[in-house]
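Asks: Here it is, the structure, as structure tokens.
Every number here is computed from the coordinates shown, using simple stated rules; none is lab data. Since we're looking at a predicted model, the values are computed, not measured. Cβ atoms come from the backbone with ideal geometry, glycine included; neighbour counts cover every protein chain shown.
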Amino acid sequence: MKNKFVFVSPMWNASKTLPQMLFSLYGQSYPHWNLILIDDVSSIDHREKQLEIIQDFNAMNDKIKVLWNVEKKWETANVLKGISMCADDDVICRIDADDFLCDLDALRIINMAYEQSGCDCLWTSHRWFDDDDVTSRNISGPMPDDADPYAYPWVSSHLKTFRKKLLNDVNDANFRGTDGEYIKRCGDQAVMLPVLKKSQKRLYFPFVTYAYRCDMKPATFQTDDAKFQQQEALFLRRRGYIE
């Protein structure tokens, strides 16, 4: 079976990192993939550069669809919008526009894992890097079959993949905070926790496919933005899954 992989990628002022991400997709040995990019109100200069980059890549092979927001939506709403455009059996892949796949056979190997295991949700290992160094840091790992994803530590960081149909019957309230708005900064967990909850067979594949860009300085994790993201994650986990 040749699975179709659809990458969903919100971006904001990503013109400097977008080419590296796109090269890592266009270089894949497995050809059955597409990309949905959602620009979340980048500055005019970045939008112009991003459009030029996308047009250059689509001239090689028309695989990219772009949505241009006129007002900021934040991560969760953007990801859900991209997912809504996919078919039930598509395998959704999350990639950020400042990250990239670090193995050109990643999709071929992941496709094989889907075929052989019969899983409907799969995530891999990754490595963190910043402008100063490449590290071997990885927070992804296995999850027991009987574990409650909301109570178990966050081990499905990158690369996250799953069949779109897992989200078809999920209550939209799972993606929203107490104010009724979509979760803003903790979009990874807002989307992935319901996926893990609904999955009939989830699989961790210990293969490094994803390069995650992050400033590794301790101060990065003490910013107001980082603390806000942590608060959203705690809220989601304490509330649990909403039927």
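Asks: Of everything in segment 166-212, what is of a type in the set (Val, Ile, Thr) and part of a loop (DSSP other than H, G, I, E, B)? Give them in sequence order.
Replies: Passing the criteria: 170, 178, 183.
Asks: Return the total of residues in segment 129-145 being surrounded by 14 or more Cβ atoms within 10 Å (Cβ to Cβ) and either within 15 Å of the chain's Cα centre (by Cα) or not in a strand (DSSP E or B) (or both).
Replies: Qualifying residue count for the region: 7.
Asks: Which one of these does residue 207 not meet: (1) closer than 28 Å to residue 112 by Cβ; (2) loosely packed, with under 12 Cβ neighbours inside 10 Å?
Replies: If we test residue 207 against (1) closer than 28 Å to residue 112 by Cβ; (2) loosely packed, with under 12 Cβ neighbours inside 10 Å, just (2) comes out false.
Asks: Have a look at 86, 119 and point out the one that is farther than 25 Å from residue 53 by Cα, hydrophobic (A, V, I, L, M, F, W, C) and part of a loop (DSSP other than H, G, I, E, B).
Replies: Unique residue meeting the criteria: 119.
Asks: If you don't mind, another one. What's the number of the only condition in (1) closer than 22 Å to residue 8 by Cβ; (2) surrounded by 14 or more Cβ atoms within 10 Å (Cβ to Cβ) that residue 148 fails to meet?
Replies: Here residue 148 clears every test but (1).
Asks: What number of residues within segment 19-44 are part of a helix (DSSP H, G or I), surrounded by fewer than 22 Cβ atoms within 10 Å (Cβ to Cβ) and either touching a residue at least 12 places away in the same chain (Cβ under 8 Å) or in contact with a strand residue (DSSP E or B) (Cβ under 9 Å, 6 or more places away or on another chain) (or both)?
Replies: Adding up the residues that qualify gives 5.
Asks: Can you spot a residue in segment 97-104 that is in a loop (DSSP other than H, G, I, E, B) and among the aliphatic types (A, V, I, L, M)?
Replies: yes
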